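This report concerns only the one structure given below.
The values are calculated or read from the model by the stated rules, or taken from the named source; none is laboratory data. For clarity, every value in this text was computed on a predicted model and none was experimentally measured. Because the Cβ atoms are built from the backbone with ideal geometry, glycine has one as well, and the counts that use them run over all protein chains shown. All accessible areas refer to the heavy atoms of the entire protein, side chains included, with ligands and DNA or RNA removed. Shrake-Rupley method; radii C 1.70, N 1.55, O 1.52, S 1.80 Å.
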Amino acid sequence: EVYDAFRERFATLDREEFLVVPLGGKNQILGFHVVSVGTLTASLVHPREVYKIALLANAAAVIVVHNHPSGDPTPSAEDVAITRRLREAGQLLSVSLLDHVVIGDERYISFADDGIL
């Protein structure tokens, strides 16, 4: 569902964008917010920015999603590292990180589906 909701947004971008999607108690989408716009190959993301949005939205959980302009959604070491930091920060705040989705050309990687999260 996340891929279908955001693939068109990312289709023509030439740089990475990192979004947070806050979810309500029944996992309904409460909106989305761009927390970082990066370069062709990287995006700086801090847990504070992700969870600020979640807390302001009174979210029970979040999904984060970003694109790889290269077209290859294979997570980088940095993607895995920030996901671990986000998961840990969310646990402290009682806001679950349900998934991290990386979107490329016509395909995506879900950390939850692939057992990375």
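Working note: Karplus 6.51/-1.76/1.60 with θ = phi - 60° gives the range 104-113 the couplings x, 6, 6, 7, 8, 10, 10, 4, 5, 5 Hz, where Gly and Pro are set to x. In percent, rounded to a whole number, the relative contact order of the chain is 26, using alpha-carbon pairs under 8 Å and six or more apart.
A cut-off of 5 Å between modelled amide H atoms, ignoring neighbours fewer than 5 places along the same chain, links Asp72 with Asp105. The amide H of Asp99, built 1.01 Å from its N in the peptide plane, has Val64 as neighbours under 5 Å, considering only residues 5 or more places off or on other chains.
Between Ile29 and Ser94, what FRET efficiency follows from the Cβ-Cβ distance if R0 is 22 Å, with the result rounded to 0.05?
0.70
The simple spin-label model puts a point 7 Å past each Cα toward its Cβ; for Thr12 and Ala112 those points are separated by 3.0 nm.
Determine the shape class of the chain: with a ≥ b ≥ c the square roots of the Cα gyration tensor eigenvalues, call it rounded for a/c under 1.5, and otherwise prolate if a/b is greater than b/c, oblate otherwise. Prolate is the answer for the chain, as a/c is 1.5 or above and a/b outweighs b/c. Going 7 Å from the Cα of Val80 toward and past its Cβ, which residues in the range 94-117 have a backbone nitrogen under 20 Å from where you end up? Hits in the range 94-117 for Val80 at 20 Å: 97-104, 108-117. Rounded to the nearest Hz, the phi-derived 3J(HN,Hα) couplings of the range 2-10 under the Karplus curve 6.51 cos²θ - 1.76 cosθ + 1.60 (θ = phi - 60°) are 5, 4, 4, 6, 10, 4, 5, 4, 8, where x marks glycine and proline.
Expressed as a whole percent, the accessible surface of the chain that belongs to carbon and sulfur atoms is 50, based on a 1.4 Å probe.
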